Structures are given as C-alpha cells and as structure tokens.
1. What's the magnitude of the charge dipole for the range 122-188 around its Cα centre, counting Lys and Arg as +1 and Asp and Glu as -1 at the beta-carbon? Answer in Debye, nearest 20.
2. Along Cα→Cβ, 7 Å out, is where each label goes; now give me the distance between the ones at residue 129 and residue 145 in nm to one decimal.
3. Can you sort 339, 23, 355, 154 so the residue with the fewest Cβ neighbours within 10 Å comes first?
4. How do 165, 178 line up, fewest other C-beta atoms within 10 Å first?
5. Sorted from largest down, what three extents in whole angstroms do the Cα atoms of the range 309-357 have along their principal axes?
6. At 0.36 nm per residue, and after removing the present C-alpha to C-alpha distance, how many nm does the segment from residue 360 to residue 305 gain when stretched out fully?
7. Cα centroids of the range 247-291 and the range 18-60: how far apart, whole angstrom?
8. Label points 7 Å out from Cα along the Cβ direction at residue 109 and residue 163: separation in nm?
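Read-outs throughout are calculated quantities, based only on the coordinates presented, and are distinct from any laboratory measurement. Since this is a predicted model, take the numbers as computed values, not measurements. Cβ sites come from the backbone with ideal geometry, for glycine too, and all protein chains shown count toward neighbours.
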Amino acid sequence: MGIRDLLSEVAATYDKGAGTQGSVPGQKLLRDAKAYLASAVPPGYVAEGHGGNGGATETPWIGVFDPHLNRDPKTGLYLAYIFAADLETVTLTLQQGVTGLPPHLGEGKRRRDYLEPRAQALLTALPGELVAGWDVRPALKSQLSGPLSYQAGSVVARCYDLAAMPSEGSLREDLWHMAEAFQQAAAAFEKLSIKEAPSGLAVSYVARVHGKPSLEGFRPKDSSDYVAHIPERTIKKTRDHEDLINRFVTYIRQRGFAAATEHPKDLVLRKGDHEWLVEAKTIKHGNPTSAVRQAVGQLFEYSHFLCEDNAPAKPHLVGLFTEDIKGYTPYLESLGIVSVWMTPGGWEGSPSAVSSGLVD
C-alpha cells in the first residue's frame with residue numbers, strides 16, 4: 001500500500017466515534033502506517049500514524065519523521081499528513097510541534113499568536129523556488145484548539161481533495177520535495193529567536209549567521225558550475241546508509257542480480273560472468289561533492305587492494321547515491337564509474353548504468 005491508497009483508506013474507514021482500540025479499522029491503518037509507507041518515504045525517514053491518545057482525535061494524522069532531526073511531534077519540526085475533520089481533504093504540511101510549547105501559552109489564541117510569526121519567519125528563510133506553490137494554510141474544518149494550532153503552526157503545505165487524489169508518483173514527489181524544505185527549515189529553526197512584545201504577542205526572526213561560504217547546497221549542473229560561485233547555505237541533512245543499501249538490494253534482485261555484502265565493501269553484485277563493486281553514499285547538506293569524492297576514493301582503493309590479482313577482470317565500479325548527483329554523472333563516467341541514484345519513483349542512473357541493466 002502506497003501513500004495514495006493509505007490516505008484514501010484512512011479517510012474511508014476512520015470513525016471518531018469508534019474509539020482508539022486496535023481492532024477499529026481506521027485506527028489499525030494509522031498504527032500500520034510505518035510499514036505501509038516504508039518504501040514511499042525518503043531514505044531514513046519513518047512514518048507514524050496518530051488517531052488520538054485516550055479518545056479518538058477529530059483530525060487524524062500521519063507524521064513523517066527524520067529521526068536524526070526530530071522524532072517527537074510535540075516539539076521542533078516534522079512533516080505530517082493531517083486530515084480535515086470532515087475527512088474530505090488531507091494536507092501535507094511542514095509542521096511545528098504544538099503540545100510541547102511552554103505551558104504559559106495555553107491552548108488558545110496566545111499559542112496561535114506564538115506559532116504564526118514563527119511559521120512566517122521560517123517560510124521567509126526558505127528559498128522562494130523551493131516553496132513556490134506551497135504557501136498554503138491548512139483548513140482542518142475544526143474549532144478545537146489542537147487543529148487550530150496546527151493551522152497556525154504550518155510553515156508550508158499542500159492540500160489534497162480525497163475524492164480526486166493525484167497519482168502515487170505525484171504524491172511521492174511532493175513528499176520528497178517537502179523533505180527538502182524540512183531539512184532547510186530545520187537549519188533555520190535552530191537560529192529562530194522568539195521574544196514577547198509588551199502586548200504579549202510573540203515576535204520571531206531567524207538570526208543571520210555570518211561565516212565563510214561552504215559547499216553546502218553546491219550541486220553543479222556541469223563542469224562550468226564547478227568553478228562558479230558557491231552559495232552560502234547551511235542545511236542539516238542526513239540520510240540513512242543502511243536503508244539506501246537495503247532498498248537497492250530489494251530492487252536489484254528483482255532485475256536478476258545476485259547481491260551480497262562482503263565487508264568492508266558495501267555491496268557486490270554478480271550476474272553471469274560480470275561483477276560490480278558498489279559503494280553507497282548518502283548525500284549530506286544538499287551537497288553531492290563530498291559523497292562523490294568519497295565514493296571515487298573508496299571504489300578505486302577497494303578495487304586495487306581488495307580484488308584478487310588473478311581474477312579474469314576487475315569488477316565494474318558503481319557509486320550508489322540517495323539523490324541525483326547531476327553534474328558529477330559525466331565526471332564519474334569519464335573515470336569508468338557507473339552511477340545510480342534513488343528517486344521518489346524508483347531508481348535512475350548514468351548511461352553505463354542503463355547499458356549494464358542496473359536501471360532502465
């Protein structure tokens with residue numbers, strides 16, 4: 001079951017009056033969200049459904065968390081699919097934690113007045129091209145304090161009509177796009193300062209950090225981009241190495257390849273008389289530069305030191321990445337290294353990856 005089917009099934013079966021017991025169909029779907037969405041969320045992320053604590057909630061939701069950054073929906077930032085109270089729409093939102101805020105804010109207007117300027121400050125901190133078309137405020141159709149606070153705390157969002165849901169591929173692309181916004185917002189969130197004016201309203205801003213330009217966010221489209229200006233961005237972004245390998249193994253075995261881990265090699269593929277040595281790298285800080293450099297070094301090192309001298313031929317070399325490495329693809333091709341990367345819809349790769357049968 002993918003994103004589309006799960007959201008549709010929850011909307012069709014959820015019944016607030018049926019309680020929160022595990023046997024209730026809608027509640028069971030929410031509890032099983034982690035398993036259902038395991039292959040749909042970005043590498044390293046986990047889904048977690050919520051139908052209420054004690055009593056059933058009016059607006060059920062499914063959180064999507066990067067455990068390296070936050071696993072607690074009470075605080076910080078996270079992604080969530082929140083259903084409207086009438087179960088006719090569901091909103092994918094970059095959400096602020098609500099219930100872990102200071103108690104003196106209460107649960108009403110003062111809390112919302114605290115959340116709204118924070119959301120606006122975080123939105124302002126995000127690149128315009130990243131959030132274009134996402135500056136939507138959720139409409140959860142509830143007058144309860146929780147849903148009203150979720151509306152106030154939303155940074156960016158997209159609302160879906162459950163009677164006319166997009167395709168599974170479009171939903172995955174939206175989720176992965178939102179994950180990029182989340183990573184950047186998380187970096188800004190760390191610099192978010194809050195003050196309360198005499199009126200009691202919260203005033204928030206994102207502090208600017210001055211420092212030397214870094215490689216964060218550097219994604220060269222071609223060789224000329226490599227020597228071009230490197231923008232100053234600070235993005236805390238972590239992917240899960242083991243998750244990347246496990247997903248790729250499941251995929252590549254379906255294509256007739258034998259796959260095995262032979263320590264310290266990440267992965268060895270075999271098909272017929274051919275062998276591929278795979279080095280997997282997670283792209284951090286939106287920057288493939290470090291991942292590519294590390295992959296090149298380790299692939300050549302392992303090929304030289306760990307492959308038998310009397311073997312008929314050296315193995316083909318493969319760099320496996322969590323994201324498109326863009327301008328580095330032809331660079332790796334020139335070195336004789338195949339590149340494969342994960343996408344919301346599956347796997348893509350370099351021309352040599354296609355000719356090798358690793359991707360279509």
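1. For this selection, approximately 280 debye.
2. 4.4 nm
3. Numbers: 339 28, 23 8, 355 11, 154 24.
Taking fewest neighbouring Cβ atoms as first place, the list is 23, 355, 154, 339.
4. 165, 178
5. Ordered largest first, the range 309-357 gives principal extents of 41, 20, 18 Å.
6. Numbers: separation 55, 0.36 × 55 = 19.80 nm, distance 3.16 nm.
The residue 360-residue 305 span can extend by a further 16.6 nm.
7. 32 Å
8. 3.5 nm
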